[in-house]
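Enquirer: One structure coming up, written as structure tokens, with questions to follow.
Nothing in this text is a laboratory measurement; each read-out follows from the coordinates by a stated rule. As the structure is a computational prediction, the values presented were derived from the model and not from experiment. Ideal geometry is used to build each Cβ from the backbone, glycine not excepted, and the neighbour counts take in all protein chains shown.
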Amino acid sequence: MTAYRLALLSAAALPLAACATTAQEPADRPVRSLPVVPIQSVETQPAHDRLFALFAAADEAMLKLNPIAAISRGDLRYANRLTDALKPEFNAALKAQAEDNLARLEAIDRASLGPTDRIAWDVFAYNQRQALKGLTPERLALTETRPVNHFFGFHTFYPTFSSGKGAAPFKTVKDYEDAMARHREYAELTDRAIAKFREGMASGVLETRLTIANVVSQLDTQLALPVDKSPFWGPIGAFPADFSEADKARLTSEYRASLAEVYAANTRLRDFLKNEYLPRSRTTMGLGEMKGGAGLYAAMIENSTTLPLTADYLHNLGLGEVARIRAGMEQVKDEVGFKGTLAQFFDHIRTDPEFKPKSREALTQGYYEIGKKVDALVPRYFAVLPRTPLEIRPYEPFREQFQAGGSYEAGTPDGSRPGVFYFNAYDLPSRTTPGMTTLYLHEGAPGHHFQISLARENAALPAFMRFGGNTAYVEGWALYAETLGYPMGLFADPYQRQGTLDDEMLRAMRLVVDTGIHAKGWSREKAIDYMLANSAMGRTDATAEVERYIAIPSQALAYKVGALKIQELRKKAETALGSGFDIRKFHAQVLDTGALPLPVLEAKIDRWIAGGGG
């Protein structure tokens, strides 16, 4: 992920996150920031205090560089800014911060720390080293020069963020004024992105024609909306009741003018991409076919999985998993008495009206019902539940076409903004219902919502562990959470079991298809055909998935790698602890120190097993 993407999307993505047994503040108390202690004054303090002073100082520096990350937490000190990403001085500041953080960390004796603090030391060191790897001139020349695609782009992130239903608040007059200041910075960021694209054109580092054509389509869709019909206008249509008529009139006029800058910037970006960049973009799909792309893909694999794995190993792992899951699907086919091949069974599920959502409203109600069932069951498997509420919503029409089947947007640590499980209601005839339960378990509860919310709510963790994460853990946990549907009894119906096998197959196919595209020269069409041949996915979903892998290489590899590691660790604990194994305690151990790199997580679980699993 490029530096600008980290800055802009940290509020919505990974976030890229987790907790369960450590002390938490009562729900009626505000979440407090850790105190910022000047590092130069703490040499004589205990190692724990020095460590957490470093964490607090590093977090404060990060928030100043990443205002969107701060807003996502409910911290509005920098809310009148968007980002300085794509400026040389921004990268220089990130690099200097990471180098300084590492130097200060290594001055703290790790051996003198307690077990949890050692984990924090390890994760912090890992994060800083990974940041530095991404900030070398060689890496930036391959990433920043491709600043936007249809899956990760500020042009699609920003409308939702600014809609009044996203992370940005609109409760005070200052909130509206801050938003207008961000609109101006958005226009500046867009112009910097165009300049970066031009650098890539000059150096021969080019984004794919497919992804850029999709971006042009996204921008066309947005620009076709009148300002007062766009997501941006949401805050104007929902002024707080205590605003004066004079403030409403002034803000309406000024807001419209500021949005004219946003529209003008998007027009400049659309016209540049359509008229200048698209004809020069590369027609190949894989990163391995881009200048410098093979080495970049290898580095991205390690970054996404947190393990030193090769494309060949992952491709073969995926082929083995696909074969195993196909065998389970054959069993379902036989159980329901379907006469025909597995491919015909897939086509039956794709086309039979029995498996089609009846309407957008019926699909929404179906997810509500699943949520109620899960809510009643999760206390058997988890000792601590999130305080943050979870809402269920369809994607907004302006962005649903290019979104995955579902996703999760984190809430604020104090629960004032809920977490949101988004599902896709675009092109309903192409969608099927058997996968609804497993999608909810993954994106909602106990998947992303539990893991991310519990971490954010746990004020005992340093901020980088509350709000940070890595894809292998975050997505690995969510895929692991899907498997809990079996003991919960949610997959007793064979078609629901087929739905979860189909979703597990998706993650297995990702290993094959992602490496196929980016390391083995697969075409878009070959990848789509492979997914259709091995699952009941509709062509619309398969196409969106493949285009996602093309846009964000290696990210899709992390799901299966992370889930298999968590499943391996659970099996190890069950074997070692026998009747002393407690699933609630195991889940607490996995979740209560945030989203750990997989080697750090494995070492932690091994210590827990050695201690008797208490």
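Enquirer: Using a cut-off of under 12 Å, list every residue of the stretch 278-304 whose amide N is near the label point 7 Å from the Cα of Ser523 along the Cα-to-beta-carbon line.
Expert: Output list for this probe position: 284-285.
Enquirer: What net charge is computed for the residues neighbouring Asn534, neighbours being all others with C-beta under 10 Å from the C-beta of Asn534, Lys and Arg scored +1, Asp and Glu -1? Walk me through the numbers on the way to the answer.
Expert: Numbers: positive: Arg326; negative: Asp502, Asp529.
So the environment of Asn534 carries a net charge of -1.
Enquirer: Next question. Give me, ordered by chain and number, the residues 5 or more places off Ala425 or on other chains with an amide H under 5 Å from its own placed amide H.
Expert: Long-range HN contacts for Ala425: Tyr395.
Enquirer: Testing the spin-label approximation: label points 7 Å from Cα along Cα→Cβ at Gln567 and Ala213. State their distance in nm.
Expert: Placing both labels 7 Å beyond Cα along the Cβ direction yields 3.7 nm.
Enquirer: Between the stretch 397-453 and the stretch 569-599, what is the C-alpha centre distance in whole Å?
Expert: 26 Å
Enquirer: If a/c stays under 1.5 just call it rounded; otherwise compare a/b with b/c (prolate if a/b is bigger, oblate if not). Do that for the stretch 376-473, with a ≥ b ≥ c from the square roots of the Cα gyration tensor eigenvalues.
Expert: Working: a/c = 2.21, a/b = 1.67, b/c = 1.32.
Since a/c reaches 1.5 and a/b is larger than b/c, the shape of the stretch 376-473 is classed as prolate.
Enquirer: Continuing with the same structure: What is the gain in length, in nm to one decimal, between Leu225 and Ala246 on full extension, counting 0.36 nm per residue of separation less the C-alpha to C-alpha distance? Write out the running numbers ahead of the final one.
Expert: Working: separation 21, 0.36 × 21 = 7.56 nm, distance 2.73 nm.
Working it through step by step, the gained length comes to 4.8 nm.
Enquirer: State the antiparallel share, in %, of DSSP beta bridges confined to the stretch 368-506, rounding to the nearest 5. Walk me through the numbers on the way to the answer.
Expert: Details: 4 of 9 bridges.
Roughly 45 percent of the beta bridges in the stretch 368-506 run antiparallel, per DSSP.
Enquirer: What are the aspartates and glutamates whose alpha-carbon lies under 14 Å from the alpha-carbon of Lys274, with same-chain residues fewer than 8 places away excluded?
Expert: Cα-Cα hits under 14 Å: Glu207, Asp220.
Enquirer: If I model a spin label as a point 7 Å beyond the Cα along the Cα-Cβ vector, how far apart are those points for Ala141 and Ser416 in nm?
Expert: Result: 4.6 nm between the two label points.
Enquirer: Next question. Could you order peptides 335-344, 73-82 by the average number of other Cβ atoms within 10 Å of their residues, highest first? Before the final figure, lay out the partial values.
Expert: Numbers: 335-344: 11.9, 73-82: 17.9.
The most tightly packed comes first, giving 73-82, 335-344.
Enquirer: Here is a further query. Hey, if you put +1 on the Cβ of every Lys and Arg and -1 on every Asp and Glu Cβ in the stretch 308-351, which of Ala343, Ile325, Pro308 ends up farthest toward the positive end of that dipole?
Expert: Going by the Cα projections, it comes out as Ala343.
Enquirer: Among (1) 31.9; (2) 30.5; (3) 25.1, only one was calculated for this model; which label is it, if the read-out is Kirkwood radius over Cα pairs in Å?
Expert: From the options (1) 31.9; (2) 30.5; (3) 25.1, the structure gives (3).
Enquirer: If you average the sequence gap of Cα pairs under 8 Å that are 6 or more apart and divide by the length of the stretch 96-156, what percent do you get for the contact order? Mind showing how you got there, number by number?
Expert: Values: 20 pairs, mean separation 19.2, N = 61.
The value is 32 percent.
Enquirer: Let a ≥ b ≥ c be the square roots of the eigenvalues of the Cα gyration tensor of the stretch 250-326; is it rounded (a/c under 1.5), or, if not, prolate (a/b larger than b/c) or oblate? Provide the component values of the computation, followed by the final result.
Expert: Numbers: a/c = 3.16, a/b = 2.17, b/c = 1.45.
Prolate, because a/c is 1.5 or more and a/b exceeds b/c.
Enquirer: Relative contact order of the stretch 284-614, please, whole-number percent, based on alpha carbon pairs below 8 angstrom and at least 6 residues apart.
Expert: Numbers: 517 pairs, mean separation 88.2, N = 331.
For the stretch 284-614, the relative contact order is 27 percent.
Enquirer: Hey, another quick one. As a test, work out the antiparallel percent of DSSP beta bridges whose residues both lie in the chain, rounded to the nearest 5. Before the final figure, lay out the partial values.
Expert: Details: 4 of 10 bridges.
Given both bridge residues lie in the chain, the antiparallel proportion sits at roughly 40 percent.
Enquirer: For the stretch 174-189 and the stretch 301-322, what is the centre-to-centre distance using only Cα atoms, to the nearest Å?
Expert: 42 Å
Enquirer: If you don't mind, another one. Sticking with the crude label model, points 7 Å out along Cα→Cβ, report the distance from Phe338 to Asp100 in nm, one decimal please.
Expert: Rounded to a tenth, the inter-label distance reads 5.9 nm.
Enquirer: Do any of Lys165/Lys356; Lys174/Lys248; Lys520/Lys565 go past 19 Å between their Cα atoms, and which?
Expert: Values: Lys165/Lys356 29 Å; Lys174/Lys248 12 Å; Lys520/Lys565 25 Å.
Listed pairs above 19 Å: Lys165/Lys356; Lys520/Lys565.
Enquirer: With charges set only on the Cβ (+1 for Lys and Arg, -1 for Asp and Glu), what does the dipole of the chain come to about its Cα centre, in debye to the nearest 20? Mind dumping the intermediate values first?
Expert: Numbers: 71 positive and 73 negative charges, 81 e Å.
So the magnitude is around 380 debye.
Enquirer: Roughly how many debye, to the nearest 20, is the charge dipole of the stretch 284-614 about its Cα centre, given +1 on each Lys and Arg Cβ, -1 on each Asp and Glu Cβ, and no other charges? Write down the numbers at each step before the final one.
Expert: Details: 36 positive and 39 negative charges, 84 e Å.
Using Cβ point charges on Lys, Arg, Asp and Glu, the stretch 284-614 gives about 400 debye.
Enquirer: Test of the criteria: in the stretch 268-336, which trypsin sites (Lys or Arg not before Pro) are in a DSSP loop and have at most 14 other Cβ atoms within 10 angstrom of their Cβ?
Expert: Values: sites: Arg268, Arg270, Lys274, Arg280, Arg282, Lys291, Arg324, Arg326, Lys333; in loops: Lys291.
Within the stretch 268-336, the qualifying trypsin sites (Lys or Arg not before Pro) (loop, at most 14 other Cβ atoms within 10 Å) are Lys291.
Enquirer: Could you rank the peptides 389-402, 561-574, 238-251 by their average count of other C-beta atoms within 10 Å per residue, with the highest value first? Display every interim value, and only then the final one.
Expert: On the way: 389-402: 17.3, 561-574: 19.1, 238-251: 12.2.
Packing order, densest peptide first, comes out as 561-574, 389-402, 238-251.
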